[in-house]
1. Looking only at residues that are among the aliphatic types (A, V, I, L, M) and more than 16 Å from the ligand (Cβ to nearest atom) in the range 29-52, which one is nearest to CYS104 (Cα to Cα)?
2. Tally the residues that are at pLDDT below 95 and either surrounded by 13 or more Cβ atoms within 10 Å (Cβ to Cβ) or not charged (D, E, K, R) (or both), restricting the search to the range 111-126.
3. Just to be sure I understand, how many residues within the range 3-31 are touching a Lys or Arg at 6+ places or on another chain (Cβ under 9 Å) and small (Gly, Ala, Ser)?
4. If we keep just the residues of the range 91-110 that are aliphatic (A, V, I, L, M) and assigned to a helix (DSSP H, G or I), which is most open to solvent (accessible area, probe 1.4 Å)?
5. Considering only residues that are of a type outside the set (A, V, I, L, M) and within 14 Å of the ligand (Cβ to nearest atom), which ones fall in the range 53-63?
6. Give LEU97, LEU73 a once-over and let me know the one that is hydrophobic (A, V, I, L, M, F, W, C), within 22 Å of VAL8 (Cβ to Cβ) and within 16 Å of the ligand (Cβ to nearest atom).
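The values are calculated or read from the model by the stated rules, or taken from the named source; none is laboratory data. Given the structure is predicted, the values throughout are model-derived calculations rather than measurements. Cβ placement follows ideal geometry from the backbone for every residue including glycine, while neighbour counts extend to all protein chains displayed. Side chains included, ligands, DNA and RNA excluded: accessible areas come from the protein's heavy atoms. Shrake-Rupley method; radii C 1.70, N 1.55, O 1.52, S 1.80 Å.
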Amino acid sequence: MEEYSNKVMDHFLNPRNMGEIKDANGIGVVGNPVCGDIMKMYLKIENNIIKDAKFKTFGCGAAIATSSMATELIIGKAIEEALEITNRTVAEALDGLPPIKMHCSNLAQQAVKAAIDDYKKKNEKK
Ligand code: FES
């Protein structure tokens, strides 16, 4: 069996920020081309700062843990800073992921990007 770090297990068993934000102003949905799993990310952005982030996923345990960690990392950050967070940053914050599970960590990162794009699109029209 692949080894998961204690942090991965903690975020998998007690995910932070799972659910949805009713008045989210940036929503991103992405699918993982490797496994077909889906992730939906809700962001509440005010004055360029991510005030809140929540996710829902049909992904595996590693996807849950990386999304949980990713939401913790981006809350309170400016959107430009949040876009600089890579899936490696997230995996490192979790003390690593088994290589076979690295693709799972792309879901959170891409969903955050998609949600920020959505926010930008909505705000350009105003
Ligand atoms: Fe699909 Fe991990 S196996 S997200």
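1. LEU43
2. So the answer is 2.
3. Here the count works out to 4.
4. Within the range 91-110, the match that is most open to solvent (accessible area, probe 1.4 Å) is ILE100.
5. Answer for the range 53-63, where residues must be of a type outside the set (A, V, I, L, M) and within 14 Å of the ligand (Cβ to nearest atom): PHE55, LYS56, THR57, PHE58, GLY59, CYS60, GLY61.
6. LEU97
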